[in-house]
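For reference, the structure discussed in these notes is given below.
The values are calculated or read from the model by the stated rules, or taken from the named source; none is laboratory data. In this text, all values refer to a predicted model and were calculated from it rather than measured experimentally. Ideal geometry is used to build each Cβ from the backbone, glycine not excepted, and the neighbour counts take in all protein chains shown.
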C-alpha cells in the first residue's frame, strides 16, 4: 500500500513538472508570436535598416554607416529636393543605392560647366548645395534632361565618384524605397537626417 502511494506521488510530481514546462513553453511561444506580429510589419512596411556601401555619398555618409529608412512618409507625400533616399537601381532592381534627390517631376535639369540649373514653369534655380557640400567645387557632366511625372534626378554627394542619374538616367518614382531617416551607427555619429531648403 505504501509503495503504491509512493509511485502515485512520484507520477504526480512528474505530471506537475511536465505541466509547468508546457505552460512556460507556451508563454515563451506566445511572446515570440506577439513580437513577430509587431516587428515584421514595422520591418517590412514602415522602417528598414540599410548599410551604406561605397563612397558615393562622402562626406555626409561613409561605407559602413547603418541607417534606418522611413518607408511610410512617401506614401503620404512626394520626395523633396535634398532628401537622401534609398532606391532600387533601375537597371538591376535587386541592387540598392543611396542618393540625394536633385530634380523633381516636371523640371528640366541642366548640368553644365560644373553647375546644376533647374528650370520649371519659367523659373530658374541655380542649385546651391553649400549647406551639405561645403567643399564641392563642381558637378561634372553635360546633361539636359526633362523629367516627366513620377521621375526624379538623383546624385551622390561625392560627385566625382558617384554612379548616379548622370550615368544611368532618371529614377522612376516606383523605384524609391524610402527616405534615410536616422544614422544609428557608428554611435559617435548618431543623427536624424533632415532635408534642406534651397
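For the range 91-120, filtered to residues that are farther than 22 Å from residue 197 by Cα and within 16 Å of the chain's Cα centre (by Cα), the residue that is surrounded by the most Cβ atoms within 10 Å (Cβ to Cβ) is 97. As a summary of the residue check, residue 2 satisfies the conditions (1) modelled with pLDDT of 70 or more; (2) surrounded by fewer than 10 Cβ atoms within 10 Å (Cβ to Cβ) except for the one numbered (1). Selection of strands (runs of 3 or more DSSP E) fully inside the range 96-198 by the criterion of at least 1 residues being within 29 Å of residue 48 (Cβ to Cβ) and touching a residue at least 60 places away in the same chain (Cβ under 8 Å) returns 96-103, 151-155, 176-185. In the set (1) under 17 Å from residue 69 (Cα atoms); (2) not assigned by TED's automatic domain parsing to the domain that holds residue 65, the condition left unmet by residue 173 is number (2).
Taking each residue of the range 65-77 that is over 14 Å from residue 150 (Cα atoms) and looking for partners that are in a helix (DSSP H, G or I) with beta-carbon atoms closer than 7 Å, six or more apart or interchain, yields 71/45; 71/46; 72/46. Take residue 152 and decide whether it is surrounded by 15 or more Cβ atoms within 10 Å (Cβ to Cβ), at pLDDT 95 or above and closer than 22 Å to residue 74 by Cβ. Yes, satisfied. Checked against the criterion of being in contact with a helix residue (DSSP H, G or I) (Cβ under 7 Å, 6 or more places away or on another chain) and closer than 17 Å to residue 105 by Cα, the range 165-177 contains one or more residues that satisfy it.
Matching residues to (1) modelled with pLDDT of 90 or more; (2) within 16 Å of the chain's Cα centre (by Cα); (3) over 30 Å from residue 195 (Cβ atoms); (4) assigned to a helix (DSSP H, G or I):
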{"residue": "16", "(1), (2), (3), (4)": "no, no, yes, yes"}
{"residue": "24", "(1), (2), (3), (4)": "no, no, yes, yes"}
{"residue": "27", "(1), (2), (3), (4)": "no, no, yes, yes"}
{"residue": "38", "(1), (2), (3), (4)": "no, no, no, yes"}
{"residue": "43", "(1), (2), (3), (4)": "no, yes, no, yes"}
{"residue": "49", "(1), (2), (3), (4)": "no, yes, no, no"}
